[in-house]
């Protein structure tokens, strides 16, 4: 079974779906178990490739399970989003401008929350 005829998905969508399946399971899953959890027609080899890429990025850990691996996310969804934000910030030398634009585009509630966090308030 292949997914060659499948419509092209936006970058990162499959990785996000796989991570969501792992977070929902709350336990290590093999590629076959991820495939079942997603209820998808994607080939198990495609799921394995996605999990391998997530492993290389440090988004999941793996441990031996039979002849293959079982995978566990390294962070929850909020932690992953924070890491992605950090990664994007590291790509630009003009951090001040990037942060200024980020803050200027926040909703009022989010800006207030950020101010509270920066002043040492609780999450």
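Okay, here's what the table says:
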{"quantity": "Some residue of segment 102-113 being under 21 Å from the mean Cα position of the chain (by Cα) and without any contact (Cβ under 8 Å) to a residue 40 or more places away in the chain", "calculated": "yes"}
{"quantity": "Residue ID - surrounded by the fewest Cβ atoms within 10 Å (Cβ to Cβ), chosen from residues in segment 66-82 that are free of Cβ contacts under 8 Å to residues at least 24 places away in the same chain and outside any loop (DSSP other than H, G, I, E, B)", "calculated": "78"}
{"quantity": "Some residue of segment 37-51 being at pLDDT 90 or above, in a helix (DSSP H, G or I) and exposed (fewer than 11 other Cβ atoms within 10 Å of the Cβ)", "calculated": "no"}
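The values are calculated or read from the model by the stated rules, or taken from the named source; none is laboratory data. All of these numbers come straight from a predicted model, not from anything done at the bench. Cβ: placed from backbone, ideal geometry, glycine included. Neighbour counts: every protein chain shown.
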